[in-house]
């Protein structure tokens, strides 16, 4: 059965608070402490794991926390077709989707890396990156690949279906929502696997059910998606 990638976003955007860690608790705790520290370690951080494991969520949460604290962030992902040159005002470098970087993106990412760790102004910037594969398996230029791998490396894992089902059931119970097994199966099998989007879907479904004064069923879910 083909999964639907539901692009409905999160109410507050990706944050540490709405990241459901599961087996990724160690990475979440480290990143939360790292971004909050006044004496932040300059050692780069690399996250890897398959799609929907939460890599981009955590990178966006990191960037948001830095900006909330008044810091400027340099961001590059596979859609940054014309990456800018390094900006000395940046206090954090974020590199997402590194496994998919073009030659131009790899060259600029390496330049950002060099400026961040050997700054002329004496201020070291934080660096965090993410990709689908561990550093040793990345098909990137060697100087960039080795730099991505010499710091802290965390593998992120997707929550098991039983864990996602349990969290969704708990969220529904807290809202006083009745979700049948059929609706739960439909949500888990037909939509993207990251739990944050599934929970946001549940919240929207609850609101739609209240608005239409109908019970939550598969036809109601389909109707809501048609109205989005």
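The values are calculated or read from the model by the stated rules, or taken from the named source; none is laboratory data. Remember, it's a predicted structure, so these values are computed and weren't measured experimentally. No Cβ is skipped: glycine too gets one built from the backbone with ideal geometry, and neighbour counts run over all protein chains shown.
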Select from the range 43-64 the residues that are in contact with a strand residue (DSSP E or B) (Cβ under 7 Å, 6 or more places away or on another chain) and part of a loop (DSSP other than H, G, I, E, B) and write down the one among them that is surrounded by the fewest Cβ atoms within 10 Å (Cβ to Cβ).
43
From 76, 187, grab the single residue that is in contact with a strand residue (DSSP E or B) (Cβ under 6 Å, 6 or more places away or on another chain) and within 23 Å of residue 19 (Cα to Cα).
76
Test of understanding: among 10, 31, 58, 6, which residue is more than 22 Å from residue 167 (Cα to Cα) and either modelled with pLDDT of 95 or more or in contact with a helix residue (DSSP H, G or I) (Cβ under 7 Å, 6 or more places away or on another chain) (or both)?
31
